[in-house]
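One structure is given here, and the rest of the page talks about it.
The values are calculated or read from the model by the stated rules, or taken from the named source; none is laboratory data. Keep in mind it's a predicted model, so treat the numbers as computed, not measured. Methodologically, a virtual Cβ is constructed for each residue, glycine included, from the backbone with ideal geometry; neighbour enumeration extends over all protein chains shown. Accessible surface areas use protein heavy atoms only, side chains included; no ligands, DNA or RNA. Shrake-Rupley method; radii C 1.70, N 1.55, O 1.52, S 1.80 Å.
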Amino acid sequence: MLGITGRVGRAIVAGVDAAGLVGFARHTNAASADLGRFVAGDRRDVAALVAAIDGTDAVVDLAGHDVDDAEALIAALARCAVPPRRVVLASSLAERLPSRWAQHPASVAELDDEAAPEDDYGAGKRALRRRLAAALGPLAIDVHALLLPQLHALDDLNGRERAYIAAARAGRSIELPGGGTTRPAVVATDTAAAALLALATWRPALNTTAPTLGHNTVWQLAPADRPTLGALVAALLRGAGATAVIASGNGRPLGHSGADETVDGAPLRAWLPALPWPDLIDRHAVHGAALGAALDAALDATRRPA
């Protein structure tokens, strides 16, 4: 798992027998102690990558962002004595224009024929996926990608949701810009982690009802149904015991753009119904209570005498 100390990596470690995992990141964290092995290194350090991935069954890349990251991984795979046979890329819905986010791509060719996003992040994510697929096919290494929206992690007490609660407590309105800049445009992080693991460990004999996975396959966890972002933020505030006027990114009332954007899982829900699909309204209320408590604790700490 490349980038295992991030929010998705932490969810993967929590959801499996971590003794079978090799973790790779710049620095360790509390979850690293449970891993079978941990390798510290930069994502573009080819020698460190080889030390991590040589002899593994699959690589789940949680830290790739652009073509330079792809080239480092390609070089590392070429140097492995026993290279993995599968690479699963945690990509981003930023790879697509926001107008396409609610639509699962019918094929990789259709996805790549879509207009490319203009920002560097989205364009870089698409370039990363395409470069990996092109280079690893001749090496008989399967490449699969899971396109992810913003993710909701209960253990993250420092994200944008915390600022929403602070703003509400200060009597300010809350703006929800549309698209990927809106943190609550989410599925649960543990759902994303389980989906990535399912792609990494997929075997035809164990998944007789699953579609055939070719060399270059893209799946998507995408905005498709309820609840809206406005409802998620309202639940977050309710959990924290706060209220606020919720507006779109341009200051107009609830019901436009980001506040009205909807979130849910896409076709992976039908293929993998056993994945954790928690109620996001409930999750945000629970998270709001935790964030409110964290803000109270921080405020108390500032009031204590030196």
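Listing for the model above:
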quantity: Stretch gain in nm, segment Asp42-Glu118, where the contour uses 0.36 nm per residue and the Cα spacing is subtracted; calculated: 24.6 nm
quantity: Surface per residue (accessible, 1.4 Å probe) for segment 1-126, Å²; calculated: 44 Å²
quantity: Theoretical gain in end-to-end length, Ala134 to Arg304 [0.36 nm per residue, Cα-Cα removed]; calculated: 55.3 nm
quantity: Computed E for Ala293/Arg26 - FRET, C-beta separation, R0 25 angstrom, nearest 0.05; calculated: 0.25
quantity: Inter-label distance, nm, simple model (7 Å from Cα along the C-beta direction), Ala163/Asp34; calculated: 3.0 nm
quantity: Whole-percent carbon and sulfur share, accessible surface of segment 67-122, 1.4 Å; calculated: 53 percent
quantity: Highest-first arrangement of 233-246, 116-129, where packing means the average Cβ count within 10 Å; calculated: 233-246, 116-129
